[in-house]
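*Asks:* The following block contains the structure, expressed as structure tokens.
The values are calculated or read from the model by the stated rules, or taken from the named source; none is laboratory data. From a predicted model like this one, the values you see are computed outputs, not experimental measurements. A quick note on method: Cβ atoms are made from the backbone with ideal geometry, for glycine too, and the neighbour counts reach across all protein chains shown.
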Amino acid sequence: MPASWRPMWTAPAAARVLAAWAVAWGCSAWAGPIGDQVLAIEAEHGGTPGQVIELLRPLEAQARASQGDDLRIFLAAWGYAHAATDKPAMADAAIEELTDLGERTGNAAALASAYALKATSLQVAGQVRAAFGWIESAVPLVKDVRGVDLRYWVYMTAGDLAQANGQVDEAIRSFEDAVAAAREGRNDRRESQALLALVPLRIVRGEVAKALGVSMRVRELAQRAHDRSLVAAGWVMEALTAEALGDLPRAARARQEAEAIPRPQVPASEVVNSQAGGEGWLSTELDALLSLSALHLSVGNFSAARDLALRANEQARARRDDYAIGHALINQGLADLGIGRVQAGMKSASTGLAMLEQRARDAELLVQLNRYVAALERRGETSESWVRLRESLLLETELSRRDRLSTLIALQRESSYQQRQRQMEQLQHDNALQAAEIRRRAIERTLVLLLAGAMGAGGIVAWRLYLRSRESNRRLAETNQSLEHASLHDPVTGLFNRRAMEVHTEALVNEHYCCVSLSVKQFGNIVGSVGHQLGDLLLCQIATRLNQVVGRHGGRLYRIDGVTFGAIVRMTDDELSLKQLLEALALAMEAPFEIGNQDLVVSIGLGAAQYPKDANTALEVARLAELAKLQTHAEPGNTHVVYDVRIGESHRDKLHMEARMVKALEHREFELFYQGLRDVRDDRFCGFEALLRWRDGSKMVSPATFIPLAEETGLIVRIGTWVLRQACTQAKAWADAGLGSPKVAVNISPRQFSHPDFLATVRDTLRETGVNPAQIELEITETSVMNDAESSIAVLHALREMGLQLAIDDFGTGYASLSYLRRFPLNRLKIDRSFVNQLGSDGNGDAIVRTVIELAHCLGLSVTAEGVETADQEALLRGWSCDVVQGFLHSRPGPAEGATQLLRDQTALTSALI
């Protein structure tokens, strides 16, 4: 995480930012009557976002009826107001509508507003890296927008996020663009504000003399705009720059001038950043010292950063501002770590983090935690960095509200926007054709009249008119050719596009050909790490390699949309040639791509279908190729599949099964069976495993049939939530009935475990059912926790803190390393039935099971053996000190009534013995 001090956005501060941004975006596109009302509401009530929402609510219907800029302004204000009141779902809805509005109408301002609003939502959540990616998408859109207001605020936002990500040069460029926009709009206050943002960056870059001149310009413009806070900020920055130049008398005079300006005392936690420039931003020396300290950290000037942090700490203590003290201590600690004073740095940073956490566990704490983790990793302090990373991951999980939009969706939206642009260009081309035809006919009529009136002079005029007509026709032909090329080619890769592919396949109606669908796997993750511009460069390199292979086989490559390509190759029903083509395309992706001074390994999935062997229309062949490609996405690496009838049948069966599962969930056709867990030491049932069953009418559907499909489609998340609730309810019923506190084991699927709402779902289920958490044991597979081991550790610790028991299911079939197994906060290992089945007949298998039991006991874990069906198997396990056995020997899975009767019989037997 970048080393930048960013004030926490409290509700008042966020509201002031909200008001400034909403007004700025509203003004940038010449508001209508509804837009004017929205702006008036923002101007008067921007400090209270809740009131803004109530006042905007009656205007929604009118804004939607008006459409255009009125609707865009309303959605921007509506989204920011809800973001300020911690309602991200409503803000996301506004983002979706703004995006749709921009794509439908070709309105770049609406798309820029949507992307910038998304950046703001992520920034408020502490995800400044992701936020910077979204604002990067907004910057190109505003370059051609006429309104300088929108350009100004997007550039200011981009500068602030670049600074937060430690990209000082990028921040300087963005703020300079904001200065130019403000100057073009003749807005002294905004120009002063943008220049003020540049001063700390100039100081850090060593351009102190230039920074002093900029500080003076800030004051001059602020005085013209009658903005006392900006004037004070200008004096503060002049004092610091004069001090850096050694001009101490001037620095003292500037401080006196700053202190003499009356202005409200704004706590550090409510200081607004450069995007709004409200009251308090850099208007005190404390704010400026913290900002400069963080900037010095970002460029590695640790000694300077430490000195500034110490000065900020003194001033913060004098003001009794614990929030600022915490930030100063964190900056001081990071500087000490950079210098090499590790213990002192860790102590200072930890104290500062504790002060921030005492105030609130919020996005600002997440930002500072990540800064500390990054500094520890740079110093090689692995132990402390792991501890802090776990805290960071846990906090990030707590702050997550919903699934994030993938970068791939953003690429698809951009692609849609480009298609809208091409449609507009086509309309302009049609208009140009009509206009040229009208001009040509007018010229011809004039020529005839002139020829009839005066042959001599008319001949000269006619010749000139003829030359003009020929030149007009020539230009029209060039324009037509350019637009025709744009309508059939992809602007990023230069390949033919989807429209061209449809045209070309229509011409092959009487020929045999193969259609290949190709898509890049995990491209969203790649773009999330390198950015959109390098992502486009990567797409171009991929297209070049693929095009060379397709060309060698006599075919043509097309770019269909964001990450999907298509290829058409003439060939008969030659399976060998088709196999060679697909293998060559996969082989072309084996070598890494060099992008942005790093090597990236890219995998693709390929699906192929043949015309007319597989279908008798071009559209159907393309669909079947796409269907075949979908079969490859579950496999790692470069994979290919050729369509056959079984794929289509399998796809239809899956769709049918998925629909039946949804219906079964709604009609309560699922039920839980329970299989007993028997304690080997006292020969008693200590609990049960809850097993999902589906009674479809009069027959039972095998779990092996429907559970993998539920996992694939994501329906397992809903089903798993239902299973957990039913198991908790049953465990509570047994306890309430006086049948003890039997443990109930619940299987958690990998997709359910990795879902962002998993922790919240478990917490809500425990609270609503009232079950004792110690009765519930969550069984999690090795694959689930090892997909992202570090994140899994944080989730597992959170589950243990709720009081739940944790077990690794099917141990031995996955790939959990001993180092991670030691770090997972587990209670139990479950040995997979595939090992238990061979007990007594396979010496190697016996050794494995015995070793696993001993290993688990060394780690303080109990062991459950699954699939125990014979007394001999149980005897061996008992001799090796296995704790619990599960299997047909003692209990078969059955409805809850049978498990209840087992508990009653056991309770009655115990009472009789007593």
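*Asks:* Please find, within region 49-92, the residue that is surrounded by the most Cβ atoms within 10 Å (Cβ to Cβ) out of those that are farther than 18 Å from TYR115 by Cα and among the β-branched types (Val, Ile, Thr).
*Replies:* If we take residues in region 49-92 being farther than 18 Å from TYR115 by Cα and among the β-branched types (Val, Ile, Thr), then VAL52 is surrounded by the most Cβ atoms within 10 Å (Cβ to Cβ).
*Asks:* Look at region 835-870 and say how many of its residues are assigned to a helix (DSSP H, G or I), in contact with a helix residue (DSSP H, G or I) (Cβ under 7 Å, 6 or more places away or on another chain) and among the β-branched types (Val, Ile, Thr).
*Replies:* Summing the residues that are assigned to a helix (DSSP H, G or I), in contact with a helix residue (DSSP H, G or I) (Cβ under 7 Å, 6 or more places away or on another chain) and among the β-branched types (Val, Ile, Thr) in region 835-870 gives 3.
*Asks:* Next up: Among the residues of region 880-914 satisfying the criterion of being among the β-branched types (Val, Ile, Thr) and surrounded by fewer than 20 Cβ atoms within 10 Å (Cβ to Cβ), which is farthest from ASP846 (Cα to Cα)?
*Replies:* Going through the qualifying residues, I end up with ILE914.
*Asks:* What do you reckon, is LEU826 at pLDDT below 95 and either touching a helix residue (DSSP H, G or I) at 6+ places or on another chain (Cβ under 6 Å) or of a type in the set (Ser, Thr, Tyr) (or both)?
*Replies:* It is false that LEU826 is at pLDDT below 95 and either touching a helix residue (DSSP H, G or I) at 6+ places or on another chain (Cβ under 6 Å) or of a type in the set (Ser, Thr, Tyr) (or both).
*Asks:* Right, another one. May I ask you to say which residue of ILE776, ILE793, ILE748 is in contact with a Lys or Arg (Cβ under 9 Å, 6 or more places away or on another chain) and buried (at least 21 other Cβ atoms within 10 Å of the Cβ)?
*Replies:* ILE776
*Asks:* Find the helices (runs of 4 or more DSSP H) located wholly in region 649-767 whose residues include 3 or more that are touching a Pro at 6+ places or on another chain (Cβ under 9 Å) and closer than 24 Å to GLN805 by Cα, and list them.
*Replies:* In region 649-767, the matching helices (runs of 4 or more DSSP H) lie at 716-736.
*Asks:* If you take the residues of region 869-879 that are crowded, with 17+ Cβ neighbours inside 10 Å and not polar (S, T, N, Q), which of them is farthest from ILE853 (Cα to Cα)?
*Replies:* My answer is GLU874.
*Asks:* Then there is this: Under the condition of being of a type in the set (D, E, K, R) and surrounded by fewer than 17 Cβ atoms within 10 Å (Cβ to Cβ), which residue from region 834-868 is modelled with the lowest pLDDT?
*Replies:* Per the stated criteria, the residue is ASP842.
*Asks:* Right, next: Within region 605-630, take every residue that is closer than 15 Å to LEU518 by Cβ and in contact with a His (Cβ under 9 Å, 6 or more places away or on another chain) and give me the one that is surrounded by the fewest Cβ atoms within 10 Å (Cβ to Cβ).
*Replies:* LEU630
*Asks:* Would you check which residues across region 42-51 are at pLDDT below 80 and assigned to a helix (DSSP H, G or I) and list them?
*Replies:* GLU42, ALA43, GLU44, HIS45, PRO49, GLY50
Okay, residues lined up against (1) farther than 18 Å from LEU308 by Cα; (2) of a type in the set (S, T, N, Q):
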site: ALA335; (1), (2): no, no
site: SER348; (1), (2): no, yes
site: GLY352; (1), (2): no, no
site: MET355; (1), (2): yes, no
site: ARG359; (1), (2): yes, no
site: ALA363; (1), (2): yes, no
site: VAL373; (1), (2): yes, no
site: ARG378; (1), (2): yes, no
site: TRP386; (1), (2): yes, no
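*Asks:* If the Cβ limit is 7 Å and pairs must be 6+ apart or interchain, which residue in region 137-157 that is closer than 16 Å to ARG186 by Cβ pairs with which residue that is charged (D, E, K, R) and surrounded by fewer than 24 Cβ atoms within 10 Å (Cβ to Cβ)?
*Replies:* VAL148/GLU184
*Asks:* Okay, moving on. Given (1) among the basic types (Lys, Arg); (2) modelled with pLDDT of 85 or more; (3) assigned by TED's automatic domain parsing to the domain that holds PHE132, where does ARG263 come up short, assuming only one miss?
*Replies:* If we test ARG263 against (1) among the basic types (Lys, Arg); (2) modelled with pLDDT of 85 or more; (3) assigned by TED's automatic domain parsing to the domain that holds PHE132, just (2) comes out false.
*Asks:* Here's something else I'd like to know. Which ones in region 137-156 are among the hydroxyl-bearing types (Ser, Thr, Tyr) and either closer than 17 Å to ILE73 by Cα or more than 19 Å from the chain's Cα centre (by Cα) (or both)?
*Replies:* Of everything in region 137-156, those that are among the hydroxyl-bearing types (Ser, Thr, Tyr) and either closer than 17 Å to ILE73 by Cα or more than 19 Å from the chain's Cα centre (by Cα) (or both) turn out to be TYR152, TYR155.
*Asks:* Among the numbered criteria (1) buried (at least 24 other Cβ atoms within 10 Å of the Cβ); (2) more than 19 Å from the chain's Cα centre (by Cα); (3) touching a residue at least 40 places away in the same chain (Cβ under 8 Å), which single criterion is violated by GLU103?
*Replies:* Single failed check for GLU103: (1).
*Asks:* While we're on this one: Scan region 367-407 for residues that are farther than 14 Å from VAL342 by Cα and either in contact with a helix residue (DSSP H, G or I) (Cβ under 9 Å, 6 or more places away or on another chain) or modelled with pLDDT of 70 or more (or both) and report the count.
*Replies:* Matching residues across region 367-407 total 26.
*Asks:* Can you confirm whether ALA543 is surrounded by fewer than 19 Cβ atoms within 10 Å (Cβ to Cβ) and more than 18 Å from ASP644 (Cβ to Cβ)?
*Replies:* It is false that ALA543 is surrounded by fewer than 19 Cβ atoms within 10 Å (Cβ to Cβ) and more than 18 Å from ASP644 (Cβ to Cβ).
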